[in-house]
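Engineer: Just passing along the structure, written as structure tokens.
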Amino acid sequence: MTNEDTKSNSPIFDEVNAVIELIRPAIQADGGDIELVGVDASGVVSIRFLGACIGCPSLGMTLQTTIETTLKDRISVVTSVEAVE
């Protein structure tokens, strides 16, 4: 993340975090979890996978088809979602 990151006290960060809270129960049901790390100025959301998500063969599909699609549909400034360690 860079100095242009959207911080945890910003409206966009809060909006992204609210959507992640809607997604989180489905991920937790499979023994994993996600954490919002940040949102940069270009709309890239960084998340961290936790628990059973680490090493899961479905991780890429979950990231693209569930998390990224949902965030892009609900928040117009989101351009992509990336997983960080």
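Engineer: Once you compute Rg and the Kirkwood Rh from C-alpha atoms, what is the Rg to Rh ratio for the range 40-85?
Structural biologist: Details: Rg = 10.9 Å, Rh = 11.0 Å.
Reported Rg/Rh, Kirkwood definition of Rh: 0.99.
Engineer: Summarise the accessible area of the range 5-85 (1.4 Å probe, protein heavy atoms) by the percent that is carbon and sulfur.
Structural biologist: Numbers: 2360 of 4420 Å².
Carbon with sulfur: 53 percent of the solvent-accessible area.
Engineer: Separate question: Between Thr79 and residues 5 or more places away or on another chain, which pairs have amide H atoms under 5 Å apart, with H built 1.01 Å from N, and which residues are they?
Structural biologist: Val44, Val45
Engineer: Under the 0.36 nm per residue contour assumption, what length would be gained going from the current alpha-carbon distance of Arg74 and Glu21 to full extension? Before the final figure, lay out the partial values.
Structural biologist: Details: separation 53, 0.36 × 53 = 19.08 nm, distance 1.30 nm.
Full-extension gain reported as 17.8 nm.
Engineer: Still on this structure, please answer the following. Within the P(r) computed for the chain, what percentage of the Cα pairs occupies the region above 21 Å?
Structural biologist: Numbers: 779 of 3570 pairs.
Result: 22 percent of Cα pairs exceed 21 Å.
The values are calculated or read from the model by the stated rules, or taken from the named source; none is laboratory data. This one's a predicted model, so the numbers in the text were calculated from it and none came from an experiment. To get the accessible areas, we keep the full protein, side chains included, count just its heavy atoms, and leave off ligands, DNA and RNA. Shrake-Rupley method; radii C 1.70, N 1.55, O 1.52, S 1.80 Å.
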